[in-house]
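This report concerns only the one structure given below.
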Amino acid sequence: NAGVMQNPRHLVRRRGQEARLRCSPMKGHSHVYWYRQLPEEGLKFMVYLQKENIIDESGMPKERFSAEFPKEGPSILRIQQVVRGDSAAYFCASSPPGSSNNQPQHFGDGTRLSIL
Amino acid sequence: AQSVTQLGSHVSVSEGALVLLRCNYSSSVPPYLFWYVQYPNQGLQLLLKYTTGATLVKGINGFEAEFKKSETSFHLTKPSAHMSDAAEYFCAADGGYNKLIFGAGTRLAVHP
């Protein structure tokens, strides 16, 4: 399956720990997006990256959250010193090079993060 | 700022009945519009999209949506519901710079 791969599917952390979420885009895709879905809500945009560049991080919390998409390897969403309010499903999506606004994004199955 | 509103967080229909899920967008400039479906514990799957041209858009699984600029709406319909259609449906609009703005979602239940 050459779809968007996210791991882990489920992640449990205690308050104060770090969470690392990984996303491998579809083959041939170079644009990666991260979204957060809180319970009973729609997805909220967090960040848009291309290889080695953050294009738009307007949806990222100012503290504790960071994202990268290195030249080699998956995109990483990192949450430091997690708090209960970080519990959510985090979805990654990807789209091909040269994507414009009308290109659909392909989504992974998400990482469900639970904070104890 | 662009926003997307989905009227009705829960919709319940009988198998074989018409499905109508409502979506309105806020932009004065019609954006590109999308409908996605999410099955439990899965990611989002694209049902259909509107970019330009024909205002009636046909998607997968028998769904279609009509873009109405005068009503700033993009409602999703299916003539005859199937049990397998039970899922959560999200309307989304492009928010510029490849960013998607999602509605809060509508959970569709289909009963025998």
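Some points to look at:
- Qualifying residues in the range B:32-49 (those that are at the interface with chain A (Cβ under 9 Å from one of its Cβ atoms) and more than 13 Å from residue A:105 (Cβ to Cβ)) - the one surrounded by the fewest Cβ atoms within 10 Å (Cβ to Cβ): B:41
- Positions within the range A:64-83 being modelled with pLDDT of 95 or more and of a type outside the set (S, T, N, Q), in sequence order: A:64, A:65, A:67, A:68, A:69, A:74, A:76, A:77, A:78, A:79, A:82, A:83
- Strands (runs of 3 or more DSSP E) (entirely within the range B:54-112) containing at least 3 residues that are free of Cβ contacts under 8 Å to residues at least 12 places away in the same chain: B:56-58
- Figure legend. Inter-residue proximity from the range A:9-28: first residues more than 16 Å from residue B:43 (Cβ to Cβ), second residues of a type in the set (D, E, K, R), beta-carbon distance below 6 Å, spacing 6+ or different chains. Indicated pairs: A:19/A:13; A:20/A:78.
- Annotation note: of A:22, A:13, A:36, the sole residue that is surrounded by 14 or more Cβ atoms within 10 Å (Cβ to Cβ), of a type in the set (D, E, K, R) and in contact with a Pro (Cβ under 8 Å, 6 or more places away or on another chain) is A:22.
- Residue check, residue B:90 among the aromatic types (Phe, Trp, Tyr) and under 19 Å from residue B:13 (Cβ atoms): yes
To keep it simple, each residue is scored yes or no on (1) within 13 Å of another protein chain (Cβ to nearest Cβ); (2) under 26 Å from residue B:96 (Cβ atoms); (3) not small (Gly, Ala, Ser).
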site: A:11; (1), (2), (3): no, no, yes
site: A:30; (1), (2), (3): yes, yes, no
site: A:40; (1), (2), (3): yes, no, yes
site: A:51; (1), (2), (3): no, yes, yes
site: A:96; (1), (2), (3): yes, yes, yes
site: A:104; (1), (2), (3): yes, yes, yes
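- Among the numbered conditions (1) within 25 Å of residue A:44 (Cα to Cα); (2) over 13 Å from the mean Cα position of the chain (by Cα), the only one that residue B:22 does not meet is (2).
- Looking across the range B:65-86, the residues that are surrounded by fewer than 19 Cβ atoms within 10 Å (Cβ to Cβ) and over 10 Å from residue B:19 (Cα atoms) come down to B:66, B:68, B:69, B:70, B:71, B:72, B:73, B:83, B:84, B:86.
- Selection over the range B:16-31 of residues that are farther than 16 Å from residue B:78 by Cβ and more than 9 Å from chain A (Cβ to nearest Cβ) gives a count of 7.
The values are calculated or read from the model by the stated rules, or taken from the named source; none is laboratory data. Predicted model only: the values in this text are computed from it and were never measured. Here the Cβ is made from the backbone with ideal geometry for all residues, glycine too, and neighbour counts use every protein chain on show.
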